[in-house]
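Q: Supplied in structure tokens, the structure appears directly below.
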């Protein structure tokens, strides 16, 4: 039996799965560890905690969230792989740990196809391109123009190598033909702090992290990665726009 991985929510599906197991074999009779392979405070952590809270409420199970960031998520996923396949260690995986890392690393400490079992789709996330609130940049074109005028001087960050923020940033850099520096962080909160502190010029972050910062006036969102504008930030244009 392979270790269990909750991939990326059908809350009903998860609740039914846990409730079904409980009624069939007295499961669970001890706490279930839910591994999040990223830092506390980021979108994966916050959303995973919302989900595990709901699972606990619906099924009566005790859910313990354990953050294991590092190595682009590989540390946390490897922990899931090494756990006993008894249903008491589950976790969160995303496009980075399940797909992108296969291309970034020569060797992974886990085999996605052989070592992990997907249980349910959890949620879909988009990225927002944000700049500090006091930045002179007010649009994507402004950012492109500034980067071209100051080659090699602007920097952007992301919550780790291989994350959607990193991949999106590199795609943006390539398409716009920009010379900018990428700085990886061990989690989104650290990258956001450096953006707020003026140590980064822009950042691609999940919209769930960006929205409250935009609402509070701490940052300015100049684009979202979705094909259509998002109800979460209806005034922010898509990058295509």
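Q: Just the residues that are within 15 Å of residue 158 (Cα to Cα) and either in a strand (DSSP E or B) or out of contact with any strand residue (DSSP E or B) (no Cβ under 9 Å at 6 or more places or on another chain) (or both), please, taken from segment 198-220.
A: Those that are within 15 Å of residue 158 (Cα to Cα) and either in a strand (DSSP E or B) or out of contact with any strand residue (DSSP E or B) (no Cβ under 9 Å at 6 or more places or on another chain) (or both): 202, 203, 204, 205, 206, 208.
Q: Kindly provide the set of residues from segment 74-105 that are part of a loop (DSSP other than H, G, I, E, B), out of contact with any strand residue (DSSP E or B) (no Cβ under 7 Å at 6 or more places or on another chain) and either within 30 Å of residue 228 (Cα to Cα) or assigned by TED's automatic domain parsing to the domain that holds residue 187 (or both), ordered by number.
A: 94, the sole residue that qualifies.
Q: Here's a follow-up. Of everything in segment 106-120 that's part of a loop (DSSP other than H, G, I, E, B) and in contact with a helix residue (DSSP H, G or I) (Cβ under 7 Å, 6 or more places away or on another chain), which residue is surrounded by the most Cβ atoms within 10 Å (Cβ to Cβ)?
A: Step by step, filter segment 106-120, then rank; the result is 110.
For (1) modelled with pLDDT of 95 or more; (2) farther than 17 Å from residue 45 by Cα; (3) exposed (fewer than 14 other Cβ atoms within 10 Å of the Cβ); (4) assigned by TED's automatic domain parsing to the domain that holds residue 71, each residue gets a yes or a no:
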site: 152; (1), (2), (3), (4): yes, yes, yes, no
site: 156; (1), (2), (3), (4): yes, yes, no, no
site: 178; (1), (2), (3), (4): yes, yes, no, no
site: 181; (1), (2), (3), (4): yes, yes, yes, no
site: 185; (1), (2), (3), (4): no, no, no, no
site: 200; (1), (2), (3), (4): yes, yes, no, no
site: 216; (1), (2), (3), (4): yes, yes, yes, no
site: 239; (1), (2), (3), (4): no, yes, no, no
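Q: Touching a strand residue (DSSP E or B) at 6+ places or on another chain (Cβ under 9 Å), surrounded by fewer than 21 Cβ atoms within 10 Å (Cβ to Cβ) and assigned to a helix (DSSP H, G or I): is that true of residue 146 in this structure?
A: No.
The values are calculated or read from the model by the stated rules, or taken from the named source; none is laboratory data. These figures come from a predicted structure and were not determined experimentally. Cβ coordinates were reconstructed from backbone atoms using ideal geometry, including for glycine residues, and neighbour counts include every protein chain displayed.
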